[in-house]
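Some notes on the structure that comes next.
The values are calculated or read from the model by the stated rules, or taken from the named source; none is laboratory data. Since we're looking at a predicted model, the values are computed, not measured. Don't worry about glycine lacking a Cβ; one is built from the backbone with ideal geometry, like all the others, and counts go over all protein chains shown. Protein only, heavy atoms only, side chains kept; ligands, DNA and RNA dropped before computing areas. Shrake-Rupley method; radii C 1.70, N 1.55, O 1.52, S 1.80 Å.
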Amino acid sequence: MPEKTIETILRRHSGREFTGGEIPDEHMNLLMECLRWSPSAGNVQPWFFYVVKSRGAKRALAEAAFHQDFIGDAAVVFVVCAEPEAAAAVYGERGRSLYCLQDTAAAVENLILAATALGYGSCWIGAFNEGMARKALEIPRHLRPVAIVPVGPGEPISRFPGRKNASEVFEVVE
Ligand SMILES: Cc1cc2nc3c(=O)[nH]c(=O)nc-3n(C[C@H](O)[C@H](O)[C@H](O)COP(=O)(O)O)c2cc1C
């Protein structure tokens, strides 16, 4: 239902306080399906997703993210990777430097909206050392980790950062 989608988009905020507890398989499957069905330029799907449940690997990712330690408390941590050469094979430089990043950003947004709709906390993490993240998961060279997304049961969100006024960010051209 469109109303519910819009409600989810407007309700979503970053959650950084995970309370522990599992995500049932049924919800894990939904989160993974929402990633898999994300849009991509030419449907090339230049991505790969790590689904990290290991406590040690989650901690290593938190360390890679300059000790954003709440990452380690999430039930699951997704690491969204781009495959630039897959996009470049079809679209050349624009695929390599732009589309693969847009495609993976769309996937992250799908993931965090799905997590919100299912009642979980989530946070898009872009500040991390790529080399350390690679090492934590032995990510091969052809993949570039572009986002870390912890997801799980969390405290109700208490920070609601505002946005620029509409007048600052829209120009209606008629
Ligand atoms: C590309 C990108 C990178 C981000 N990196 C981080 C991060 O490293 N750590 C963090 O706590 N939040 C991170 N965020 C979340 C933003 O801080 C957050 O979306 C913004 O402040 C708006 O708040 P809201 O998500 O609660 O609406 C990132 C968001 C995006 C889109």
Please pick out the residue among V90, V77, V51 that is under 17 Å from P153 (Cα atoms) and more than 16 Å from the ligand (Cβ to nearest atom). V51
Scan the stretch 117-134 and give yes if some residue there is touching a His at 6+ places or on another chain (Cβ under 8 Å) and under 29 Å from G56 (Cα atoms), otherwise no. yes
Those residues of the stretch 58-92 which are within 18 Å of A107 (Cα to Cα), open to solvent by less than 10 Å² (accessible area, probe 1.4 Å) and part of a helix (DSSP H, G or I), in sequence order: A87
In the stretch 1-10, which residues are within 16 Å of the ligand (Cβ to nearest atom) and not acidic (D, E)? I6, T8, I9, L10
By residue number, the members of the stretch 132-164 that are more than 16 Å from the ligand (Cβ to nearest atom) and either farther than 21 Å from S14 by Cβ or outside any loop (DSSP other than H, G, I, E, B) (or both) are R134, K135, L137, E138, I139, P140, R141, H142, L143
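Filter the stretch 114-131 down to the residues that are over 19 Å from L30 (Cα atoms) and either in a helix (DSSP H, G or I) or modelled with pLDDT under 95 (or both), then identify the one that is farthest from the ligand (Cβ to nearest atom).
Ranking the candidates gives G131 first.
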If I filter the stretch 11-26 for residues that are in a helix (DSSP H, G or I) and more than 13 Å from the ligand (Cβ to nearest atom), do I get at least one hit? yes
